[in-house]
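Inspection log for the structure reproduced underneath, given as structure tokens.
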Amino acid sequence: MNDYPRRPLTMDPTTAAARAQQVAALANPDRLRLLSSLVTDPESTHTSASLAELLDESVAAIDGHLAELLAAGLVEIGPGGAGPTFRPSPDAWVRFGRLLRGKSGYQEPVATGAASPPPGELPPVILKIAERLAYRFSSHFSRETVTRYVAESYALLSERATVTRHLPSLTSRFATDRLGALATANGFNLTGAPEVLFVCVQNSGRSQMAAGILRQLAGDRANVRTAGSQPATQIDERIVDALDEIGVPIISEFPKPLTDEVVQAADVVITMGCGDACPVYPGRRYLDWAIPDPLELSTEGIRAVRDEIQSRVEGLLRSLNIAVRPN
């Protein structure tokens, strides 16, 4: 049983007023396009003049739009040289990122290309999983789509499995997580909580540490997923022990391959040592944490990495306006 306070279902008056101001600011199509430009091209240096040229508006009009977006907390002033520069705020990423990426409407997902067996060649237990999930996700996806995702998830996990005893249950959990991410990416699941994805190489050390600590500190005020560019077969026991020392459970987690839909569902994507393996989609906030691989360190080194990750997770939560739950 989680002992953190549940997030109230109804907004308090202050939060409601802030959200209403943000929605009102985005009701203007020119301001919506302006913020979309900031979100979909976050690496550029955006000034009033550059935005005016990009959007074919006068500098005076852009300055007026920026003032409204600044007042609504959707834009921040970035580091500037000759004049101020502008960037999207954390609220803009988290609450409106997917709205601003320029894609609208549901599109039937395309397979990622993994060599998955056709339904007729799947074991009976995997077919039962597909049937159950097809019913669960019937309001979002076709039976064929669900079956394809289950088959692909089974194939991805089978490639790395050294022990197949738990493969059906892992397939069920992996496919459920992927379909849930796909539903979120297509706007079917609007929880109001930011979606955070941690990616490392093996998904058995850094990303699992970060996800476990974030769940512990944020509770249901953030949704978190993990993945690996080259996932291991299991989480290293020393990682489990290091987190157990600070009361963070991850015993039920397992390494998962990186797939497109979990990136598409994320508001914030944090990579740790996996280079360019993570696909880049507009409307997401990308961070790279330069943290050494704890699997190559001593027990004391693992503890130091754990503590650094906890400090970074606390900073991330503050940037998302989520109060850190006391230990």
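The values are calculated or read from the model by the stated rules, or taken from the named source; none is laboratory data. What you see is a predicted model, and the numbers here were worked out from it, not measured in a lab. Methodologically, a virtual Cβ is constructed for each residue, glycine included, from the backbone with ideal geometry; neighbour enumeration extends over all protein chains shown. Ligands, DNA and RNA are stripped out before the accessible areas are found, and what is left, the full protein with its side chains, is counted by its heavy atoms. Shrake-Rupley method; radii C 1.70, N 1.55, O 1.52, S 1.80 Å.
Being within 16 Å of GLY192 (Cα to Cα), among the hydrophobic types (A, V, I, L, M, F, W, C) and loosely packed, with under 12 Cβ neighbours inside 10 Å is a property that ALA27 lacks. None of LEU167, LEU156 is open to solvent by 10 Å² or more (accessible area, probe 1.4 Å) and in contact with a strand residue (DSSP E or B) (Cβ under 6 Å, 6 or more places away or on another chain) except LEU156.
Which residues, taken from the range 158-168, are free of Cβ contacts under 8 Å to residues at least 60 places away in the same chain and in contact with a helix residue (DSSP H, G or I) (Cβ under 9 Å, 6 or more places away or on another chain)? Result: SER158, THR164, LEU167, PRO168. Beta carbons closer than 6 Å, at least 6 apart along the sequence or on distinct chains, pair a first residue in the range 133-154 that is without any contact (Cβ under 8 Å) to a residue 24 or more places away in the chain and among the aliphatic types (A, V, I, L, M) with a second that is crowded, with 21+ Cβ neighbours inside 10 Å and part of a helix (DSSP H, G or I) for ALA134/VAL146. Is it the case, given these coordinates, that ARG7 is surrounded by 14 or more Cβ atoms within 10 Å (Cβ to Cβ), of a type in the set (D, E, K, R), under 25 Å from the mean Cα position of the chain (by Cα) and modelled with pLDDT under 90? No.
Scanning the range 188-207 for residues that are over 14 Å from the mean Cα position of the chain (by Cα) and either open to solvent by 10 Å² or more (accessible area, probe 1.4 Å) or not hydroxyl-bearing (Ser, Thr, Tyr) (or both) yields PHE188, VAL201, GLN202, ASN203, GLY205, ARG206.
Scoring ARG178 on the criteria (1) at pLDDT 90 or above; (2) part of a helix (DSSP H, G or I); (3) touching a Leu at 6+ places or on another chain (Cβ under 9 Å) leaves a single failure, condition (3). One residue stands out in the range 30-47 among those that are assigned to a helix (DSSP H, G or I) and open to solvent by 50 Å² or more (accessible area, probe 1.4 Å): the one that is modelled with the lowest pLDDT, namely THR40. When ALA227, ALA181, ALA211, ALA155 are screened for being farther than 27 Å from ALA290 by Cβ and among the aliphatic types (A, V, I, L, M), only ALA155 passes. One residue stands out in the range 106-130 among those that are aliphatic (A, V, I, L, M) and in a loop (DSSP other than H, G, I, E, B): the one that is modelled with the highest pLDDT, namely LEU122.
Within the range 131-157, if we keep just the residues that are hydrophobic (A, V, I, L, M, F, W, C) and not in a helix (DSSP H, G or I), the residue that is nearest to SER172 (Cα to Cα) turns out to be PHE137.
Checking each residue in the range 48-90 for being in a loop (DSSP other than H, G, I, E, B) and open to solvent by less than 40 Å² (accessible area, probe 1.4 Å) picks out ALA72, GLY73, LEU74, GLY83, SER89.
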